[in-house]
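Chemist: Mind looking over this structure? Questions follow.
The values are calculated or read from the model by the stated rules, or taken from the named source; none is laboratory data. Everything quoted here is computed from the prediction, not taken from an experiment. Cβ atoms come from the backbone with ideal geometry, glycine included; neighbour counts cover every protein chain shown. The area values use the complete protein model at the heavy-atom level, side chains included, leaving out ligands, DNA and RNA. Shrake-Rupley method; radii C 1.70, N 1.55, O 1.52, S 1.80 Å.
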Amino acid sequence: MVYDLIVIGGGPGGYLAAERAGQAGLSVALFEKRALGGVCLNEGCIPSKALLNSAKIADYAKHGSKYGISCENVSINHKAVVKRKDKVVRTLVAGVAMKMKKNKVTVVSEEAVIQGRTAEGFVVKAKDNEYIAKRLVIATGSVPAMPPIPGLHEGYKNGFVLTNREILDITEVPEKLVIIGGGVIGLEMASYFNSVGSHVTVIEMLDHIAGPTDREISNILLNNYKKKGVDFRLSAKVTEITGNGVVFETAEGRQSVSANKVLVSIGRRPFTEGLGLEKIGVETERGRIKTDECMQTNIPGVYAVGDVNGVSMLAHTAYREAEVCINNILGKRDTMRYNAIPSVIYTNPEVGCVGETEELAKEKGIDVEIVKLPLTYSGRYVAENTELDGIVKVIVNKKYRTILGVHMIGSYASEIIYGAAMMIESEMRVEDIRQIVFPHPTVGEVIKEIMWEL
């Protein structure tokens, strides 16, 4: 069984690499030990959005009187929400399988381990069979980071502590949910379980939420969560997980909070254990596979895309890395750029960010001009919202008048931010954007409005 290409890992980076290679006529074998679609499709991006959409519908129904709509006895059937989520996942996983079949990709539903290299190519073993390929793409993704907190691993074993995988499948809503980590996953789960009736406490080591998100944007999001009843403990270090809660330390001293379930959401780490990288000499750094701008490792013919290279652990980054990788394999020179990767928090309100933040631009010593406008400059935003604290913030290079960053919080942010990414990627100037016709009324036209403030 000799192939042109072997792909290990069937997540976004892996299955798209296999698809593109198959489309180009290469013989491809794709190995996935769990389910096609990887974490994104089965345990992350897609299932969480299905839950959040149900919560958003319920929130609008509960507060319908603000819009002249009367809804009585609104409640969320969490079991039904989970059932629908599972159907969504099954549908999309089947869609990925169809794409593999259409492009003649051989899918092997087994764990793959690299055995070494021969004159024919790289040797990969799955169960009792060996496969050989001239080139190899590693796309094994990431796993939740599990810090050495006393009681954490015991709690995980008995079901008291959950990761992003288990939290999406619980059928009973916990009365008290404690979330360790105020990053994207933690915030999205806080949003959902707050909507379905849990008392949610978020414990975050930093003095702010949402990690590298522009601080002004994350503060608005924090205030929105607090209004909805989510409790935050910032600048707090978790020291122990007990049988019924979490112990943490702040500047005020030792504190604790009780819980029915605890979600550990402090980030993810690249997964390379047991893969056999050492057998072919692939170089790693702090657990991640090192790659160049063409996604190639230090070993010619071996590439790594997605979370496993640890550069930008987002599904859409993995998609583009896969395209760059396959283009180079096909002899089409292509390079990966990370300066305009959008990130989104799919809460209500949504957060969309791309490019430099105000804080990062100042750290780099870039001479920038910063302009922000409230979303109330958009007629559609005012017509559709009662909480009117959304903003758009734009970072501009003073010397060249090019857009370096766009950060926003409010409705449709997830759908608008790609346009801002195009502006940054294309190095568009303020004057260029002024000439673009934006549809009216839309929330996105506030970005054009800002251009006339510069």
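Chemist: Quick one: which residue in Lys79, Lys83 is under 23 Å from Leu263 (Cα atoms) and in contact with an Asp or Glu (Cβ under 9 Å, 6 or more places away or on another chain)?
Modeler: Every option except Lys79 fails the conditions.
Chemist: Out of everything in the range 378-406 that is touching a residue at least 60 places away in the same chain (Cβ under 8 Å) and farther than 20 Å from Val354 by Cβ, what residue ends up being surrounded by the most Cβ atoms within 10 Å (Cβ to Cβ)?
Modeler: Arg380
Chemist: Please tell me if Val107 is hydrophobic (A, V, I, L, M, F, W, C), open to solvent by less than 20 Å² (accessible area, probe 1.4 Å) and not in a loop (DSSP other than H, G, I, E, B).
Modeler: no
Chemist: For the range 424-443, which positions are part of a loop (DSSP other than H, G, I, E, B) and either free of Cβ contacts under 8 Å to residues at least 40 places away in the same chain or among the hydrophobic types (A, V, I, L, M, F, W, C) (or both)?
Modeler: Here is the first cut: in the range 424-443, the ones part of a loop (DSSP other than H, G, I, E, B) are 426-428, 435-443.
Listed by number, the residues that qualify are Ser426, Glu427, Met428, Gln435, Ile436, Val437, Phe438, Pro439, Val443.
Chemist: So, in the range 307-341, how many residues would count as being open to solvent by 10 Å² or more (accessible area, probe 1.4 Å) and touching a Phe, Trp or Tyr at 6+ places or on another chain (Cβ under 6 Å)?
Modeler: Residues in the range 307-341 being open to solvent by 10 Å² or more (accessible area, probe 1.4 Å) and touching a Phe, Trp or Tyr at 6+ places or on another chain (Cβ under 6 Å): 1 in total.
Chemist: All but one of (1) closer than 30 Å to Ile280 by Cα; (2) among the aliphatic types (A, V, I, L, M); (3) in contact (Cβ under 8 Å) with a residue 60 or more places away in the chain; (4) part of a loop (DSSP other than H, G, I, E, B) hold for Ala119; state the number of the condition that does not hold.
Modeler: (3)
Chemist: Follow-up. Note down all Cβ pairs under 9 Å where the first residue falls in the range 345-371 and is on the phi > 0 side of the Ramachandran plot, the second is among the polar types (S, T, N, Q), and they're at least six residues apart or on different chains.
Modeler: Final answer for the pair search is Gly355/Asn339.
Chemist: Can you pull out every residue in the range 269-290 that is β-branched (Val, Ile, Thr) and open to solvent by less than 40 Å² (accessible area, probe 1.4 Å)?
Modeler: Our first condition is that a residue be β-branched (Val, Ile, Thr); within the range 269-290, this holds for 272, 280, 282, 284, 289.
Result: Thr272, Ile280, Val282, Ile289.
Chemist: Would you confirm whether any residue within the range 63-77 is assigned to a helix (DSSP H, G or I) and within 21 Å of Tyr346 (Cβ to Cβ)?
Modeler: No, because not a single residue in the range 63-77 is assigned to a helix (DSSP H, G or I) and within 21 Å of Tyr346 (Cβ to Cβ).
Chemist: Could you tell me whether the range 151-164 includes any residue that is touching a Pro at 6+ places or on another chain (Cβ under 7 Å), of a type in the set (S, T, N, Q), under 30 Å from Ala21 (Cβ atoms) and not assigned by the TED database to the domain that holds Ile326?
Modeler: Looking for residues that are touching a Pro at 6+ places or on another chain (Cβ under 7 Å), of a type in the set (S, T, N, Q), under 30 Å from Ala21 (Cβ atoms) and not assigned by the TED database to the domain that holds Ile326, one finds at least one in the range 151-164, hence yes.
Chemist: Being more than 28 Å from the chain's Cα centre (by Cα), surrounded by 12 or more Cβ atoms within 10 Å (Cβ to Cβ) and more than 26 Å from Arg135 (Cβ to Cβ) is true for just one of Lys85, Lys62, Lys56, Lys66. Which residue is that? Talk me through it step by step, then tell me what you get.
Modeler: On the way: Lys85 fails: more than 28 Å from the chain's Cα centre (by Cα); Lys56 fails: more than 28 Å from the chain's Cα centre (by Cα); Lys66 fails: surrounded by 12 or more Cβ atoms within 10 Å (Cβ to Cβ).
After applying the criteria, what remains is Lys62.
Chemist: Just give me the residues in the range 99-115 being more than 24 Å from the chain's Cα centre (by Cα) and over 15 Å from Lys279 (Cα atoms), in sequence order.
Modeler: Lys101, Lys102, Asn103, Lys104, Val105, Thr106, Val107, Val108, Ser109, Glu110, Glu111
Chemist: Check whether at least one residue in the range 35-49 is in a loop (DSSP other than H, G, I, E, B), closer than 18 Å to Val107 by Cβ and open to solvent by 10 Å² or more (accessible area, probe 1.4 Å), and report yes or no.
Modeler: Taking every residue of the range 35-49 in turn, at least one turns out to be in a loop (DSSP other than H, G, I, E, B), closer than 18 Å to Val107 by Cβ and open to solvent by 10 Å² or more (accessible area, probe 1.4 Å).
Chemist: Further question on the same structure: Identify, by number, the condition in (1) touching a Pro at 6+ places or on another chain (Cβ under 7 Å); (2) assigned by the TED database to the domain that holds Asn194 that Val257 doesn't meet.
Modeler: All conditions pass for Val257, except number (1).
The rows are residues; the columns are (1) open to solvent by less than 90 Å² (accessible area, probe 1.4 Å); (2) under 30 Å from Lys279 (Cα atoms).
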{"position": "Ser70", "(1), (2)": "no, no"}
{"position": "Ala80", "(1), (2)": "yes, no"}
{"position": "Val93", "(1), (2)": "yes, no"}
{"position": "Ala97", "(1), (2)": "yes, no"}
{"position": "Arg117", "(1), (2)": "no, yes"}
{"position": "Asn129", "(1), (2)": "yes, yes"}
{"position": "Lys134", "(1), (2)": "no, yes"}
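Chemist: Moving to a separate point now. Inspect all residues belonging to the range 352-374 and state whether any of them is under 26 Å from Leu51 (Cα atoms), modelled with pLDDT of 95 or more, of a type in the set (A, V, I, L, M, F, W, C) and in contact with a Leu (Cβ under 7 Å, 6 or more places away or on another chain). Walk me through it before giving the result.
Modeler: Residues of the range 352-374 under 26 Å from Leu51 (Cα atoms): 352-354.
Of the ones still in play, those that are also modelled with pLDDT of 95 or more are 352-354.
Remaining after also requiring of a type in the set (A, V, I, L, M, F, W, C): 353-354.
Still in the running and in contact with a Leu (Cβ under 7 Å, 6 or more places away or on another chain): none.
No, the range 352-374 contains no residue that is under 26 Å from Leu51 (Cα atoms), modelled with pLDDT of 95 or more, of a type in the set (A, V, I, L, M, F, W, C) and in contact with a Leu (Cβ under 7 Å, 6 or more places away or on another chain).
Chemist: Among the residues that make up the range 19-28, is at least one of them within 24 Å of Ser312 (Cα to Cα), open to solvent by 50 Å² or more (accessible area, probe 1.4 Å) and part of a loop (DSSP other than H, G, I, E, B)? Before the answer, list the steps.
Modeler: Kept after step one, since they are within 24 Å of Ser312 (Cα to Cα), are these residues of the range 19-28: 19-21.
Filter once more, so that each one left must be open to solvent by 50 Å² or more (accessible area, probe 1.4 Å): 20.
Filter once more, keeping what is part of a loop (DSSP other than H, G, I, E, B): none.
No; the residues of the range 19-28 include none that is within 24 Å of Ser312 (Cα to Cα), open to solvent by 50 Å² or more (accessible area, probe 1.4 Å) and part of a loop (DSSP other than H, G, I, E, B).
Each row is one residue, and each column tells you yes or no for (1) open to solvent by less than 60 Å² (accessible area, probe 1.4 Å); (2) farther than 30 Å from Lys56 by Cβ.
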residue: His208; (1), (2): yes, no
residue: Asn223; (1), (2): no, no
residue: Lys226; (1), (2): no, no
residue: Asp231; (1), (2): yes, no
residue: Lys237; (1), (2): no, yes
residue: Ile241; (1), (2): yes, yes
residue: Thr250; (1), (2): yes, yes
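Chemist: Looking only at the range 122-153, count every residue that is in a loop (DSSP other than H, G, I, E, B) and within 25 Å of the chain's Cα centre (by Cα) and tell me the total.
Modeler: 8
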